[in-house]
Amino acid sequence: MFGVPEDNDPVYNKNADKIGVLGSDASDVVLFYKLLKAIRVHLRATQDGRVKDMPIEQRINFVEQGLSLWQQMLPLAENLVERLSR
């Protein structure tokens with residue numbers, strides 16, 4: 001639906017080759033950054049005004065999808081911070 005801004009994951013892109021040092025946490029870190037990218041695309045679409053041109057049903061769906069992304073990311077992020085801070 002919306003394009004992904006170029007290099008919107010600079011931290012991930014510059015460190016992806018080192019992801020293996022995280023061991024069993026690597027897959028959750030990758031998932032976190034993928035969710036972050038989706039949220040950034042979602043926010044960009046809102047900021048650019050593309051949402052206001054959508055029919056109401058599509059806007060509702062858009063908001064629900066955005067909420068779902070945040071609901072997935074928040075507990076994952078909290079868990080990662082706890083695990084990686086040890």
Exercise. For the range 9-27, indicate whether the set of residues that are modelled with pLDDT under 90, farther than 21 Å from SER85 by Cα and not in a helix (DSSP H, G or I) is non-empty.
Key: yes
Exercise. Six or more apart or on different chains, Cβ under 6 Å: which pairs go from a residue in the range 30-58 that's without any contact (Cβ under 8 Å) to a residue 40 or more places away in the chain to one that's surrounded by 14 or more Cβ atoms within 10 Å (Cβ to Cβ) and of a type in the set (Ser, Thr, Tyr)? Could you list them?
Key: TYR33/TYR12
Quiz prompt | Qualifying residue in the range 54-73 (condition: at pLDDT 90 or above and among the aromatic types (Phe, Trp, Tyr)) | solution = yes
Exercise. For the range 41-70, enumerate the residues that are within 28 Å of TYR12 (Cα to Cα) and either touching an Asp or Glu at 6+ places or on another chain (Cβ under 8 Å) or among the polar types (S, T, N, Q) (or both).
Key: THR46, GLN47, GLN65, SER68
Quiz item: What about ALA77, is it among the small types (Gly, Ala, Ser), under 19 Å from VAL29 (Cβ atoms) and touching a residue at least 24 places away in the same chain (Cβ under 8 Å)?
Solution: yes
Quiz item: From the residues in the range 32-67 that are surrounded by 13 or more Cβ atoms within 10 Å (Cβ to Cβ) and among the small types (Gly, Ala, Ser), which one is farthest from LEU22 (Cα to Cα)?
Solution: ALA45
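The values are calculated or read from the model by the stated rules, or taken from the named source; none is laboratory data. Fair warning: this is a prediction, and the values are worked out from it, not measured in the lab. Every residue, glycine as well, gets a Cβ built from its backbone with ideal geometry; the counts of neighbours run over all protein chains shown.
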